[in-house]
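The values are calculated or read from the model by the stated rules, or taken from the named source; none is laboratory data. Because the structure is predicted, anything quoted here is derived from the model rather than measured. Here the Cβ positions follow ideal geometry from the backbone for every residue, glycine too, while neighbour counts run over all protein chains shown. Heads up: the accessible areas ignore ligands, DNA and RNA and are worked out on the full protein's heavy atoms, side chains in. Shrake-Rupley method; radii C 1.70, N 1.55, O 1.52, S 1.80 Å.
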Amino acid sequence: MRRHEFIRVIAGTVAALLLTARAQQPAKIYRIGLLTNGIVIGATDERRKTLVSELAGQGFIEGQNLVFEERSANAQPRRLDGLVAELKAGNVDVLVTFGYPPALAAKNLAGAIPVVVTGAGDPVATGLVDGLARPGGNLTGVKELSTDLSTKRLEILKDALPGLQQIAMLWNADDLGMTLRYQAAENAARVLGVRYKL
């Protein structure tokens with residue numbers, strides 16, 4: 001799935017949640033919280049631009065009936081709990097998370113606020129949801145194939161460079177979604193006879 005298509009799916013999910021709220025409260029200004037462990041998802045971020053465009057197609061116009069509340073932990077995951085608390089106190093209607101650490105913080109602290117999870121890896125393997133058919137709780141989003149893709153990418157790299165003997169991978173060990181991707185690639189490296197360095 002291409003990045004814009006992925007964000008469109010997320011936007012559709014957010015729009016559906018807001019449309020449900022709209023049916024309950026006409027003439028309301030809707031608040032969407034954007035939470036990341038990286039840099040802020042500001043106005044120039046392509047993910048946010050696509051989200052704004054898709055929501056506009058559903059009648060949610062930024063500055064008219066839609067406001068974004070951006071929060072960023074700036075690579076300091078210990079700040080995420082406080083940021084979720086801020087967004088909750090700010091009465092956001094929907095919380096969109098980018099990455100596993102923000103998704104976990106939202107799962108634990110958002111209460112009844114609907115949470116749309118993006119970029120968090122496999123939600124079942126990471127424990128964010130009980131199962132895909134019946135996730136439980138207030139989380140929704142798109143299941144990523146990132147662990148499968150990590151393996152496939154390594155296979156393609158080995159095909160392109162048959163003499164490949166050693167590779168290195170950098171990842172955030174505090175992010176369970178990334179750790180699962182790393183482990184999948186490490187296992188594939190063993191099968192392909194490639195030494196794997198941290």
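Values as computed for the structure displayed
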{"read-out": "Cα long-axis angle, helix 100-109 against the chain (0 to 90 degrees, to the nearest 10)", "value": "40 degrees"}
{"read-out": "CD proxy at 222 nm, helix term only [per DSSP H run n ≥ 4: -39500 (n - 2.57); per residue of the chain; nearest 500]", "value": "-14000 deg cm²/dmol"}
{"read-out": "Antiparallel content of DSSP bridges confined to the chain, in %, to 5", "value": "0 percent"}
{"read-out": "Nitroxide proxy distance, nm - points 7 Å out along Cα→Cβ at residue 138 and residue 40", "value": "2.4 nm"}
{"read-out": "Where the range 48-134 is the region considered: accessible area per residue in Å², 1.4 Å probe", "value": "44 Å²"}
{"read-out": "Cα-based helix-to-principal-axis angle, 80-89 vs the chain, degrees rounded to 10", "value": "20 degrees"}
{"read-out": "Value of relative contact order over the chain, rounded to a whole percent, pairs C-alpha under 8 Å and six or more apart", "value": "18 percent"}
{"read-out": "12 Å cut-off, amide nitrogen to a point 7 angstrom out along residue 125 Cα→Cβ, residues in the range 140-169", "value": "144-152"}
{"read-out": "The range 57-198, accessible surface, carbon-and-sulfur percent (1.4 angstrom probe)", "value": "53 percent"}
{"read-out": "Cα-based shape type of the range 37-99, given that a ≥ b ≥ c are square roots of the gyration tensor eigenvalues and the cut on a/c is 1.5", "value": "oblate"}
